[in-house]
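Below: the structure, in structure tokens.
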Amino acid sequence: MNANMKKMLVILVVLASVLAGCAATMNDDFLPDTQALPFATPTPIPQLTLKDVPSTSKPASSNAQGHAPAPTPTAKPISPEVVKLLGRNLDVWRETQERPGMDGRLVIPSAGIDVALFSSGDGESVDDMRQRVTDAYDSALLYYDGLGFVIADHSNQAFASLPLVRSGDTAYILEGNSILTLTCNFAIRGVNTGAGITDADGDPVTQDALFTCYTCGEDWTQIHIVGLKEADEDLFAISRDADMPGGWRYANNALNEVAKQQIEEARELAAQRAAEAARAAAAEQQQQGEDLYN
């Protein structure tokens, strides 16, 4: 190795050390609305998935795109409330295979919330990725802030009705191979300090729930916060089946009969609503034309 090459190697080593030091001290900014908001993430986990959620009932598993894991199905009766979600849950599994970065779907029936969760996506940086995820339609950001898991979305999107959630309300996270049942353990007004989410007294809150949902209030600093704790979980083995709507089935045939009917009914309802919306749009266009003519 000649002298010039040795000198170049030394320079590269020094440069790498400087860049590593910068990366270690860099804050992850989260932009929850159209204006920039510095939000420090003490422990950034850019590739976080719901499989990382600590749970006594959920085994560690890998949700590689296009490959269905086969967890041991729940060996207990499934609640009637969860049974009503079986078809939706299969559809969510299909979605996770078709939408890169999608980890599952948060459903809060009492507030009409039903939104896809993403912990990763396209972007030139973590900040940019988080902004794009939050800005996108049917897309809420899932991340870890060093104390707990956080779900964030705009107040003019899926979380417009988050202030309607009350303590005791039930929520669900659907992943296809599992349905996690959650209970709201607090619903408060709080503050986004730019360095974390706190209650009105300035105390951190994200460690007090398994998932902490929040959205902007009057501005990005005054926020609505909802904490969700785990109540129950049902696990499902899933495999491909071309005869099932969406192309996926449960290992339990009895569940498939229920799920298939629910999926078909949901698609019929969606088609009806789309037809009604098309007729309404056509009627409005016709009325506008008559108004112009008259």
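So the values come out like this:
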| quantity | calculated |
| --- | --- |
| Single unsatisfied condition, residue 168 versus (1) part of a loop (DSSP other than H, G, I, E, B); (2) surrounded by fewer than 19 Cβ atoms within 10 Å (Cβ to Cβ); (3) at pLDDT below 95; (4) over 18 Å from the mean Cα position of the chain (by Cα) | (3) |
| Lone qualifier among 266, 274 - being within 26 Å of residue 94 (Cα to Cα) and within 22 Å of the chain's Cα centre (by Cα) | 266 |
| Complete set of residues in segment 139-152 that are modelled with pLDDT under 95 and assigned to a loop (DSSP other than H, G, I, E, B) | 145, 146, 147, 148 |
| Sole exception among (1) crowded, with 19+ Cβ neighbours inside 10 Å; (2) over 23 Å from residue 168 (Cα atoms); (3) in contact (Cβ under 8 Å) with a residue 24 or more places away in the chain; (4) out of contact with any Leu (no Cβ under 6 Å at 6 or more places or on another chain) for residue 234, by number | (2) |
| Count - residues of segment 233-275 that are over 13 Å from residue 83 (Cβ atoms) and part of a strand (DSSP E or B) | 7 |
| Scan of segment 118-165 for residues that are over 10 Å from the mean Cα position of the chain (by Cα), closer than 19 Å to residue 228 by Cβ and among the charged types (D, E, K, R), ordered by number | 145 |
| Selected residue (criterion: nearest to residue 211 (Cα to Cα)) from residues of segment 132-165 that are surrounded by fewer than 23 Cβ atoms within 10 Å (Cβ to Cβ) and of a type in the set (Gly, Ala, Ser) | 148 |
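The values are calculated or read from the model by the stated rules, or taken from the named source; none is laboratory data. Small disclaimer: the values here were computed from a predicted structure and weren't measured. Heads up, the Cβs are rebuilt from the backbone with ideal geometry, glycines too, and the neighbour counts pull from every protein chain shown.
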